[in-house]
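Worksheet: one structure, shown below.
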Amino acid sequence: MAFVQNVPFFSIMLSMFSGIVSSVLPGKYARRLNYAMLLCITAMSGWLLFYLVSSDMGSYIFMMGHFPAPFGNEIRAGILEVLMAMFFCIIMALSLFGGRKKLGNEVEHTKHNIYYILCDLLLSSLLALIYTNDLFTAYVFVEINTIAACGLIMIRQNGRTIEAAVRYMIMSLLGSGLLLLGICMIYDMTGHLLMSNIKEQILIIMETGTYRIPMLITIGLITVGLAIKSALFPFHNWLPDAYGYSTVSSAAILSSLVSKGYIFLLLKIFYRVIGFEIIADSHVLHIFYVFGLCGMVFGSLSAIWENDIRRMISFSSVAQIGYIYMGFGIGIEAGVVASIFHIIAHAATKSLLFISAIGLTDVSGGSRHFQDLNGSAFRNKIAGIGFSVGCLSMVGVPLFSGFVSKILFAEAAFIVSAKKMFPVLIVLGISTILNAIYFLKTLIRIYTPADKTLVRERGYLSLCIPEQKLYSLTIILFICVNIFLGLNSEPMLRLILTGLRNFA
């Protein structure tokens, strides 16, 4: 085994040990360790991705301690897993950079190291969900992910964040409980926890006709559990407060990565535990298809009715998660590829929107209400540009990543039967119009000059702190990532398609 094949194990362990070491470090050094760890894992993941692509290996199994199951645990790394791991690290790093200056105002100075501990644990759990080949290990890291996410929400410690964290915890525990019940039933039917071994036994079960009803119940428990945790409509009510009232970096990380980690785990279970053909026969994809379409519309409608810019962005995430599940629900490879690309595109765009929005509210007296945001894009030019790019991407304007996502969903719709094609195209059009309504309305608001007398009376100008280099650089990098995905989607799509075909 080549040394580079140790990268997944090193990545998980490095992020976990960074959290442990940060517990005894002051906040400043915990932050530096976090940045160094993210840079190191990103570089290692890029190295491994290059190795897998150049060697045509596709994927491989890494045995922890070199002991085979059931005595040891396994990690499975392929092109798709490594691509997602590298991209998650990039988005987390940029989200932390963009919210660094605000952290001092949002979190007590003595708790800064705790914040970075939670970020390290969150990253380790996401990497484990991406790489693990063991179903129970996945559940363990789902719980670590939940605890770390709750900590990131409530570390700001005001009434709204504590309430949001409690609501998030209740819904997450409900989803985790359903997932655990499903895993227990799978173990009872197959006697295995390793994904590849489970799939072999499930194929035998489906061929012999035994446990068909328990298998359908199991599929239902797992899919509903992870749908709740990823905020699929109508299980999304916890999301706006969790994203809207947490720190800016937390909101960017939660909206971009946490829900996507659960969706990626669900995709792994579909392909590598149960089998996509069995999932299609169970009709669970039809449910995803309907709920995804509903989420695309109702999430956008909720965003239109909002008067708070951060809650508007949060409700937009409900619609975008609907896109992802709708792509799964189409039930063909092109739909799944479109959903995976949208996971990446949405992560890059949503973080940009949250980071940019905080720059606009900072120069509007700290107010997040639209009536106070007039002229904010002139008072903080880089935030205005970043928010504009994020809005145009979400609407689906050419040049940006969101446009590619919508084209891919439309192309997938043309491949399937007319029963699914026409609803997808109609709802895609309606959702795009609704996106344009609330995003372009916000753009018009922030670029409408404010009354100069009102600006002076409310002291907006006194809050116009000089453009911080790190904040400006973060927005520029987010814009570059978005444009790169919009203009160079073909290589990314080839990697996604190759990784998906080696996923089973």
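The values are calculated or read from the model by the stated rules, or taken from the named source; none is laboratory data. This is a predicted model, so every value here is computed, not measured. Don't worry about glycine lacking a Cβ; one is built from the backbone with ideal geometry, like all the others, and counts go over all protein chains shown. Only protein heavy atoms, including side chains, enter the accessible area calculation; ligands, DNA and RNA are left aside. Shrake-Rupley method; radii C 1.70, N 1.55, O 1.52, S 1.80 Å.
Observations on the structure shown:
- Check on VAL363, in contact with a Cys (Cβ under 9 Å, 6 or more places away or on another chain) and open to solvent by less than 10 Å² (accessible area, probe 1.4 Å): yes
- The criterion of being touching a Phe, Trp or Tyr at 6+ places or on another chain (Cβ under 7 Å) and modelled with pLDDT of 85 or more holds for SER125.
- No other residue among ILE278, ILE253 is surrounded by 22 or more Cβ atoms within 10 Å (Cβ to Cβ) and out of contact with any strand residue (DSSP E or B) (no Cβ under 8 Å at 6 or more places or on another chain) apart from ILE253.
- The set of residues from segment 91-107 being in a helix (DSSP H, G or I) and crowded, with 22+ Cβ neighbours inside 10 Å comprises ILE91, MET92, LEU94, SER95, LEU96, GLY98, LEU103.
So that you can scan it fast, the table gives a plain yes or no per residue for (1) more than 21 Å from LEU493 (Cβ to Cβ); (2) open to solvent by 10 Å² or more (accessible area, probe 1.4 Å):
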| position | (1), (2) |
| --- | --- |
| LEU301 | yes, yes |
| ILE304 | yes, yes |
| ILE309 | yes, no |
| ILE313 | yes, no |
| SER317 | yes, no |
| VAL336 | no, no |
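- Just one residue in the set ALA280, ALA252 is part of a helix (DSSP H, G or I) and farther than 25 Å from GLY220 by Cα; that residue is ALA252.
- Every listed requirement among (1) open to solvent by 10 Å² or more (accessible area, probe 1.4 Å); (2) under 19 Å from PHE409 (Cα atoms) is met by LEU267 save one, (1).
- Within segment 1-56, the set of residues being open to solvent by less than 20 Å² (accessible area, probe 1.4 Å) and of a type outside the set (A, V, I, L, M, F, W, C) comprises GLN5, PRO8, SER11, SER15, SER18, GLY19, SER22, GLY27, ASN34, SER45.
- Filter result for THR110 (open to solvent by 10 Å² or more (accessible area, probe 1.4 Å), of a type in the set (Ser, Thr, Tyr) and more than 30 Å from ILE269 (Cα to Cα)): yes
- Residue within segment 138-156 that is touching a helix residue (DSSP H, G or I) at 6+ places or on another chain (Cβ under 6 Å), of a type in the set (A, V, I, L, M), within 27 Å of ILE479 (Cβ to Cβ) and modelled with pLDDT of 90 or more present: no
Here is a yes/no grid of residues against (1) assigned to a helix (DSSP H, G or I); (2) of a type in the set (A, V, I, L, M); (3) over 17 Å from the mean Cα position of the chain (by Cα):
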site: CYS294; (1), (2), (3): yes, no, yes
site: PHE315; (1), (2), (3): yes, no, no
site: GLN320; (1), (2), (3): yes, no, no
site: ILE324; (1), (2), (3): yes, yes, no
site: GLY329; (1), (2), (3): yes, no, yes
site: SER339; (1), (2), (3): yes, no, no
site: ALA347; (1), (2), (3): yes, yes, no
site: ILE355; (1), (2), (3): yes, yes, no
site: THR361; (1), (2), (3): yes, no, yes
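- The residue that is modelled with the lowest pLDDT, among those in segment 113-122 that are of a type in the set (A, V, I, L, M, F, W, C) and open to solvent by 10 Å² or more (accessible area, probe 1.4 Å), is ILE114.
- Checking TYR60 against (1) part of a helix (DSSP H, G or I); (2) surrounded by 15 or more Cβ atoms within 10 Å (Cβ to Cβ); (3) out of contact with any Ser or Thr (no Cβ under 7 Å at 6 or more places or on another chain); (4) in contact (Cβ under 8 Å) with a residue 40 or more places away in the chain, the condition it does not meet: (1)
- Selection status of SER54, part of a helix (DSSP H, G or I), touching a Phe, Trp or Tyr at 6+ places or on another chain (Cβ under 9 Å) and of a type in the set (Gly, Ala, Ser): no
- When TYR243, TYR262 are checked against the criterion of being buried (at least 24 other Cβ atoms within 10 Å of the Cβ), part of a helix (DSSP H, G or I), under 14 Å from the mean Cα position of the chain (by Cα) and at pLDDT below 85, TYR243 stands alone in meeting it.
- Single residue of ILE186, ILE217 found to be aliphatic (A, V, I, L, M), open to solvent by less than 40 Å² (accessible area, probe 1.4 Å) and either in contact with an Asp or Glu (Cβ under 9 Å, 6 or more places away or on another chain) or at negative phi (or both): ILE186
- Filter pass, PHE270 being of a type outside the set (Lys, Arg) and either touching a residue at least 60 places away in the same chain (Cβ under 8 Å) or in contact with a strand residue (DSSP E or B) (Cβ under 6 Å, 6 or more places away or on another chain) (or both): no
- Counting only helices (runs of 4 or more DSSP H) that fall entirely inside segment 132-211 and contain at least 1 residues that are of a type in the set (A, V, I, L, M, F, W, C) and within 30 Å of TYR115 (Cβ to Cβ), the qualifying elements are 135-154, 159-190.
- Matching residues in segment 400-430 - criterion: being exposed (fewer than 14 other Cβ atoms within 10 Å of the Cβ) and in contact with a helix residue (DSSP H, G or I) (Cβ under 7 Å, 6 or more places away or on another chain): GLU411, PHE414, ILE415
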